[in-house]
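Reading through the structure tokens given below for one structure.
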Amino acid sequence: MIWLEWRHVRPPLALLAGLALLLGLGYASRALPGLPPFAAVHELGPWATGAACTLYAGLLADQESTCTVTLLFAGRWFDWWAPLLATLVGALFGSRLNSGLGFLRLQPLSTARVLGVRLLAGVAAVTVTVLIGALLTSTRGALDFSWWPGSAVMRSEFWGGTGLVWGRGLSVFVLAGVLTQLVPPAVAALSAIAASLAVLGTPVDPFVRTLTLVYTPEQFGELAGRESIPLHVVQAFIAAHSPSRTETAHLPLGWTVAVLIMLAALLAVLFARPRQE
């Protein structure tokens with residue numbers, strides 16, 4: 001069974017691994033630069049999505065005046081290329097998780113074993129492709145901070161973000177597998193892809209980590225009075241100034257875990273259903 005499954009898995013896995021290789025090499029070699037007018041920014045550094053200052057005076061002077069920068073680490077990689085890659089891999093392997101079981105149940109193969117092998121193949125496919133792209137992209141290096149060691153940046157932000165991308169791929173994989181119980185495989189794959197991309201980058205996306213750096217107006221200096229600040233200027237400021245505090249601006253980890261548990265429960269139903277028929 002493992003040999004038969006490997007024959008079917010080998011071509012798409014080789015294709016997707018090649019895609020991960022191309023994306024990773026393209027990003028590492030700067031063939032996928034930041035979009036104009038942000039070509040001067042470091043894409044593996046903080047990709048600022050907004051900067052604002054809230055100043056209080058007069059009767060409200062007792063309240064804290066702050067300047068905040070909301071950012072996503074490694075923009076264009078974590079907010080597009082990597083999630084798209086993980087989504088495609090998960091949808092492809094998830095859509096075939098339940099295919100052909102009617103015929104295979106006529107053979108001396110248990111349904112649990114067939115699904116178990118396909119489950120392992122899907123998890124391996126998501127893991128391999130995400131890691132290939134991430135390892136190559138990580139050679140690009142992070143933006144140098146005067147207050148944040150580069151190794152700590154990569155460990156906490158880059159690889160933490162890669163773990164969330166991996167979780168997205170697994171979720172799409174399981175969702176597509178569950179949907180094959182209700183609709184044809186092609187529809188299941190497209191539906192899972194649409195669901196993943198629909199929430200990508202939104203406030204309800206449990207697989208994207210954004211940060212908010214909080215500064216004092218004195219630290220921001222003359223930037224506090226500017227309505228629009230170029231991204232490379234924001235990056236240069238962030239790299240040289242330690243914030244007064246850092247806030248995590250994303251859904252709590254519990255939401256991400258809850259999504260995975262819910263999909264795992266649906267997958268258990270997928271395993272149990274054929275044995276009841």
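Since every read-out is calculated from the coordinates, none of them should be taken as a lab result. Everything numeric here is computed off the predicted structure, so don't read it as measured data. Ideal geometry is used to build each Cβ from the backbone, glycine not excepted, and the neighbour counts take in all protein chains shown.
Peptide packing for 218-227, 65-74 was compared via the average number of neighbouring C-beta atoms within 10 Å per residue; ordered from the highest value, the list is 65-74, 218-227. In order along the stretch 117-132, the Karplus-derived 3J(HN,Hα) couplings, from 6.51 cos²θ - 1.76 cosθ + 1.60 at θ = phi - 60°, round to 5, 5, 5, 5, 5, x, 4, 5, 5, 4, 5, 5, 5, 5, 5, 4 Hz, and Gly and Pro are given as x.
Diagonalising the gyration tensor over the Cα atoms of the stretch 45-271 and scaling each eigenvalue by 5 before taking the square root yields semi-axes of 44, 18, 13 Å, largest first. Every Cα-Cα pair of the stretch 170-247 was included, and the share exceeding 19 Å stands at 58 percent. Ordering 75-81, 179-185 by mean Cβ neighbour count within 10 Å, with the highest value first, yields 75-81, 179-185.
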